[in-house]
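Contents: one structure, followed by commentary.
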Amino acid sequence: GDKFKERALIAANRCGKTYVAISEMVYHLTGKYPDWWEGKRFTHPIKAWEIGKTSLTTRDILQKYIVGERYDHGTGLVPRDDIIKMTTKAGVPEAIQDIYIKHYTDGVNDGVSELTFKSYDQGVDSFMGTSIHVCHLDEEPTSPKIYSECLMRTMTTKGIIMCTFTPLDGLSETVLSFLP
């Protein structure tokens, strides 16, 4: 992550791809990097996106890893004490739109990171117009335009993009962009 802006973990189903990327996302959101971490580090609060295929799968998979069970927030990878505030997503029961998380640099709280949950079913227009530091696309983007927009959002921040998916559509444009 310290050498490559764009990375993809392309592998079989049910092997932990999503968990790996979300673990890294939490390091960036909180600033709590393991001693052994050799990847990119942010020494300031960040803005980030977690993106799933649909609003429901984003809630049921990505949100669960980040904050825990819908009825018990703070049991996921972000510790309860580091969650400041969450907003709900309109039209999707028990889904979170944004989460605000304490960020630390050298063990000192230095501000608030923001994570927004998005999904491909929101359409390409919902991916325009803002800057982010980290973007995790879980499952292959349904449109190359969405991936392109995510890439644009990280340009001014020197941010990173992580993709995790099984190549169910074969050698698609997205898959080919990561192959030599």
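The values are calculated or read from the model by the stated rules, or taken from the named source; none is laboratory data. Please read these numbers as outputs of a predicted model, since none were measured by experiment. We place every Cβ from the backbone using ideal geometry, glycine too, and count neighbours over all the protein chains shown. Keep in mind that these areas ignore ligands, DNA and RNA; they rest on the heavy atoms of the full protein, side chains included. Shrake-Rupley method; radii C 1.70, N 1.55, O 1.52, S 1.80 Å.
Using a Förster radius of 41 Å, what is the FRET efficiency between Asp60 and Asn109 based on their Cβ-Cβ separation? Nearest 0.05, please.
So, using R0 = 41 Å, E works out to roughly 0.85.
Using the Karplus equation 6.51 cos²θ - 1.76 cosθ + 1.60 (θ = phi - 60°), what ³J(HN,Hα) coupling, rounded to whole Hz, does each residue of region 86-96 give in order, writing x for Gly and Pro?
Karplus values, whole Hz, x for Gly and Pro: 9, 10, 8, 9, 4, x, 10, x, 6, 8, 9.
What is the sum of charges around Thr58, taking Lys and Arg as +1, Asp and Glu as -1, for the other residues whose C-beta is under 15 Å from the C-beta of Thr58?
Around Thr58, the surrounding residues sum to -2.
Out of the DSSP beta bridges found with both residues in region 24-176, what percent are antiparallel (nearest 5)?
Bridges in region 24-176 are about 45 percent antiparallel.
Extending each Cα 7 Å along its Cβ direction at Asp121 and Asp81, get the distance between those two points in nm, one decimal.
So the two model labels end up 3.8 nm from each other.
Calculate the spin-label point distance for Arg41 paired with Asp169, positioning each point 7 Å from the Cα along the beta-carbon direction, and give it in nanometres.
3.8
In debye, nearest 20: dipole of the chain around its Cα centre with unit charges on the Cβ of K, R (+) and D, E (-)?
Computed about the Cα centre, the dipole is about 140 debye.
Would you kindly find the accessible area of Lys145, with a 1.4 Å probe and non-protein molecules such as ligands, DNA and RNA excluded, rounding to the nearest 10 Å²?
Its accessible surface works out to 140 Å², give or take rounding.
For the chain, what is the accessible area per residue in Å² when the probe is 1.4 Å?
In whole numbers, the chain has 51 Å² accessible per residue.
From the phi of every residue in region 99-111, what ³J(HN,Hα) in whole Hz does the Karplus formula 6.51 cos²θ - 1.76 cosθ + 1.60 yield, where θ is phi - 60° and glycine or proline is x?
In residue order, the calculated couplings are 9, 10, 10, 4, 10, 10, 10, 6, x, 10, 5, 10, x Hz.
For Gln97, which sequence-distant residues (separation of 5 or more, or a different chain) have an amide H within less than 5 Å of its own amide H, given hydrogens modelled in the peptide plane?
Here Thr87, Thr88, Lys89 satisfy the definition.
Amide H of Phe42: which non-local residues (sequence gap of 5 or more, or other chain) have their own amide H closer than 5 Å, using H built in the peptide plane?
none
Leu176 accessible area, nearest 10 Å², 1.4 Å probe?
Near enough 90 Å² of accessible area.
Under 5 Å between amide H atoms, partner at least 5 residues away or on a different chain: which partners does Leu9 have, H built in plane at 1.01 Å?
When sequence neighbours closer than 5 places are left aside, the close amide H contacts are Cys163, Thr164, Phe165.
Percent of accessible area on region 17-76 owned by carbon and sulfur, 1.4 Å probe?
Solvent-exposed carbon and sulfur of region 17-76 make up 52 percent of the total.
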